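Read the structure below first, then the notes.
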Amino acid sequence: MKITPNRPFGLVLEPENPGDDIRDLDVEQVRELLWKERLIVLRGFRTFSEPEEFPAYCERWGQISIWPFGKVLELLEQNNPEDHIFDNNYVPLHWDGMYRPQVPEYQIFHCVKAPLQGQGGRTTFSDTVRVLEHAPAHHRALWEQATGSYQRKMEFYDSKTVSPIVDTHPLRGYPVIRYNEPPKAGFGNFLNPPTLAFSGADEAQLHSSLRDALYAPENFYAHEWQAGDVVVADNFSLLHGREGFETKAPRHLRRVHVLSNPPLDNPRLVSHQ
């Protein structure tokens, strides 16, 4: 495979020969690259023609986290959605599994259909390890004082999580940011938002400094999807979200959560139903 840097972080892996199958790659080799780079884009490979082939591939990465709907979340705009993940608006930065009993180590996405040029819908990622490395001392000190409380009720859970803004990577011990970004001020059509509260620091300064750092060009990446793309993200280190997209755009992603080995029981979960 051909390996090239992704800017500003991560790697792009492409086949040496047209038609090379993604399943012929050594998952352990790709995993080692992911541990170092935190985001891997697999582009141009032959991927999955049937829906069940995608979770079968993901099982090579580890134990899949099972949701009430099964192994695979179909990310499609719905008619009359009850939650923002199924509409076409933007999604603020957050980490996956924050409301679940176990937090997945990996997110694996497969693009079935991509929006057309200019229709939006990029998946956004912020590398919080880089954010902390680049942060001025006074911002980092502010963040280290702060704690976020997050409560969310939807079809699949009714849960509350309380986490320090600056937390520790559960496997590697380096600092990371755990933060659910509040919806944009004045954004009036955000379906089923979480209930957020923050303590330990001035909220205006906290949100302003985090927003500037998380979206700084050296820390932030927005992935423009192409059909067949597979993206693997380190959910313990990155935050992710979504840009809004044109309604009825042909945007269809599939997402699987893969647990760490051993699985990580959510250390910040306060209540879960």
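Derivation of every value follows stated rules applied to the coordinates shown; laboratory data play no part. Because the structure is predicted, anything quoted here is derived from the model rather than measured. Ideal geometry is used to build each Cβ from the backbone, glycine not excepted, and the neighbour counts take in all protein chains shown.
By the count of other C-beta atoms within 10 Å, a proxy for reagent exposure, Leu116, Leu238 are ordered fewest to most as Leu116, Leu238.
Within 15 Å, Cβ to Cβ, of His94, how many net charges do the neighbouring residues add up to if Lys/Arg are +1 and Asp/Glu are -1?
Neighbourhood net charge equals +2.
With only Lys, Arg, Asp and Glu charged, each at its Cβ (+1 for the first two, -1 for the last two), find how big the charge dipole of the range 1-111 is about the Cα centre; round to the nearest 20 debye.
With Lys and Arg at +1 and Asp and Glu at -1, about 420 debye.
Among Asp158, Asp127, Asp229, the residue with the largest mean-square fluctuation in a Gaussian network model of the chain, with springs joining Cα atoms closer than 10 Å, is Asp158.
With contributions of -39500 (n - 2.57) from each DSSP H run of at least four residues, the per-residue ellipticity at 222 nm computed over the chain stands at -4500 deg cm²/dmol. GNM remark for the chain: springs join alpha carbons under 10 Å apart, and the peak mean-square fluctuation among Lys153, Lys71, Lys184 falls on Lys184. In terms of distances greater than 30 angstrom between alpha carbons, the cross-link table entries Lys2/Lys248; Lys36/Lys153; Lys113/Lys160; Lys71/Lys248; Lys2/Lys184; Lys36/Lys248 yield Lys2/Lys248; Lys36/Lys153; Lys113/Lys160; Lys2/Lys184; Lys36/Lys248. Charge tally for Val162 (other residues, Cβ to Cβ under 14 Å; Lys, Arg +1; Asp, Glu -1): +3. Coupling constants for the range 74-91 follow from the phi torsions by the Karplus curve (6.51 cos²θ - 1.76 cosθ + 1.60, θ = phi - 60°), and in residue order they are 8, 8, 9, 5, 9, 6, 6, x, 9, 9, 5, 5, 10, 9, 10, 8, 5, 10 Hz; glycine and proline get x.
Across the chain, Cα-Cα distances exceeding 33 Å account for 17% of all pairs. In sequence order, the range 221-238 has phi-based couplings of 9, 10, 8, 8, 6, 10, 4, x, 4, 10, 10, 10, 10, 7, 6, 6, 10, 9 Hz under the Karplus curve 6.51 cos²θ - 1.76 cosθ + 1.60, θ = phi - 60°, and Gly or Pro positions carry x.
Springs join every pair of Cα atoms under 10 Å in this Gaussian network model of the chain, and among Val112, Val258, Val30 the largest mean-square fluctuation is at Val30. A simple spin-label model places the labels of Met154 and Gln119 2.2 nm from each other, with each point 7 Å out along Cα-to-Cβ.
Could you work out the local net charge near His272, counting Lys and Arg as +1, Asp and Glu as -1, over the other residues with Cβ closer than 13 Å to its Cβ? The partial results should precede the final answer.
Numbers: positive: Arg100, Arg152, Lys153, Lys160, Arg268; negative: Asp158, Asp265.
Cβ neighbours under 13 Å give a net charge of +3.
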